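Heads up: the structure comes next, in structure tokens.
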Amino acid sequence: MTARDRLFAEAAKRILVTDGAFGTEIQNWKLDEAAYAGNLGLTHDQKGNNDILALTAPHVPESIHRAYFEAGADIAETNTFSANRISQADYGAEHLVREINLESAGLARRIADEFQARDGRPRFVAGAIGPTNKTLSLSPDVNDPGYREIDFDYLKDVYREQVDALVEGGADFILIETVFDTLNAKAGIMATIEAGDALGREVPLMLSMTLTDLSGRNLSGHTVEAFWHAVRHARPVTIGLNCSFGAEQLRPHVATLSKLCDTLIMVYPNAGLPNELGAYDEAPATTAGLVREWAAQGQVNVLGGCCGSTPAHIRAIADAVASLPPRALPVSPVQTRLAGLEPFTMAA
């Protein structure tokens, strides 16, 4: 049975749970620069380079994975959000991208398999790919709107390096998350499809958009419906939203996707909005109560947490939805659907 088939089989039984934040959990360790840098001999300051901990302090991400599985998670997201050539250039660690992704995926795989062996419940590994700090759709120069720092083919190659290593390390899916630019996501989609073609099998995709304003658009201007129309051809196993705002602000957009998408809906919001110090104050019971409303209305298949969420949040979410049935997938009528910034459905 393929990873796609196994995920859909489990999602037909119950609402699944993905894990919570890594960045804020790593911050709780209060690591100094030496702990990040290890003995790799890198010349740049490594403090804040969370991804490199797979090589220099693997006990940190291992502890976090274990805490989320203990809390009830079914899916582990690898600690590889910035483990790409573009983002790692800020730390002078571009040459370690393959090794970081291999080790991160292998670590998550080993722990997922360990927990599955305990109780027989399938656990999954999603190879997490962030948007990088570049954008294909927008110019960084207000005086030159046509200028781009990188092009599509370059970003696709950057993603391909990461995808290949994550899959080799044991990831079941590639999760393209925090999508603020739909064109960046399309580069990741193409990289993943090409990686699957090279292997002679499907590498299933998970896609997760992030909203930058309350009207429900990402930074490149796409609505959630337009985003779905733009990526549906990739047959993602999940589509949804992460980061953005707290669950309260995401409610109408979750409802829109739920009615629209003929695949699983995965939503993992921030634990509310950050306070003036950048910390997250929303209690686990509050977050769980808010996302439970989506589950009670039959709108979601997978739930979890993003910035500010902790193992306590994931446990509260798992407990809150344990008795609720999963969302049933709608059957979409056959129509031609296109997307600019807005969706367009061609009349029959």
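Observations, loosely collected:
- Of all residues making up region 201-225, the number that are of a type in the set (A, V, I, L, M, F, W, C) and either in a strand (DSSP E or B) or surrounded by fewer than 22 Cβ atoms within 10 Å (Cβ to Cβ) (or both): 6
- When region 150-166 is filtered for residues that are outside any helix (DSSP H, G or I) and loosely packed, with under 14 Cβ neighbours inside 10 Å, only D151 remains.
- Residues of region 4-53 classified as open to solvent by 60 Å² or more (accessible area, probe 1.4 Å), assigned to a loop (DSSP other than H, G, I, E, B) and of a type in the set (D, E), total: 2
- All of R118, R109 fail the test of being in a helix (DSSP H, G or I), over 10 Å from L166 (Cα atoms), of a type in the set (K, R) and under 18 Å from the mean Cα position of the chain (by Cα), apart from R109.
- The condition (being of a type in the set (F, W, Y), modelled with pLDDT of 95 or more, part of a loop (DSSP other than H, G, I, E, B) and within 22 Å of the chain's Cα centre (by Cα)) is satisfied by just one residue among F81, F69: F81.
- Criterion violated by V331 - all others in (1) at pLDDT 95 or above; (2) aliphatic (A, V, I, L, M); (3) in a loop (DSSP other than H, G, I, E, B) satisfied: (1)
- Residue-level check: of (1) in contact with a Pro (Cβ under 9 Å, 6 or more places away or on another chain); (2) of a type in the set (A, V, I, L, M); (3) surrounded by fewer than 16 Cβ atoms within 10 Å (Cβ to Cβ), L277 misses just (1).
- Lone qualifier among A198, A187, A247, A234 - being farther than 27 Å from G272 by Cβ and buried (at least 21 other Cβ atoms within 10 Å of the Cβ): A187
- Checked against the criterion of being touching a residue at least 24 places away in the same chain (Cβ under 8 Å), at positive phi and part of a strand (DSSP E or B), the candidates T178, T132 yield just one match: T178.
- In region 55-74, residue farthest from E25 (Cα to Cα) [restricted to those that are charged (D, E, K, R) and surrounded by fewer than 21 Cβ atoms within 10 Å (Cβ to Cβ)]: E70
- Test: S309 is touching a Lys or Arg at 6+ places or on another chain (Cβ under 7 Å), of a type in the set (G, A, S) and either free of Cβ contacts under 8 Å to residues at least 24 places away in the same chain or open to solvent by less than 20 Å² (accessible area, probe 1.4 Å) (or both): no
- Filter pass, E194 being more than 25 Å from P252 (Cβ to Cβ), charged (D, E, K, R) and touching a helix residue (DSSP H, G or I) at 6+ places or on another chain (Cβ under 9 Å): yes
- Residue match in region 138-149 (condition: free of Cβ contacts under 8 Å to residues at least 12 places away in the same chain, out of contact with any Pro (no Cβ under 6 Å at 6 or more places or on another chain) and of a type in the set (V, I, T)): yes
- R85 vs. criteria open to solvent by 40 Å² or more (accessible area, probe 1.4 Å) and more than 30 Å from A12 (Cβ to Cβ): yes
- Residue in region 285-293 that is open to solvent by less than 20 Å² (accessible area, probe 1.4 Å), under 24 Å from D181 (Cα atoms) and in contact with a His (Cβ under 8 Å, 6 or more places away or on another chain) present: no
The values are calculated or read from the model by the stated rules, or taken from the named source; none is laboratory data. The shown structure was predicted, so the numbers you read here are calculated from the model rather than taken from an experiment. A quick note on method: Cβ atoms are made from the backbone with ideal geometry, for glycine too, and the neighbour counts reach across all protein chains shown. For the accessible areas, the whole protein counts, side chains as well, though only heavy atoms, and no ligand, DNA or RNA atoms are used. Shrake-Rupley method; radii C 1.70, N 1.55, O 1.52, S 1.80 Å.
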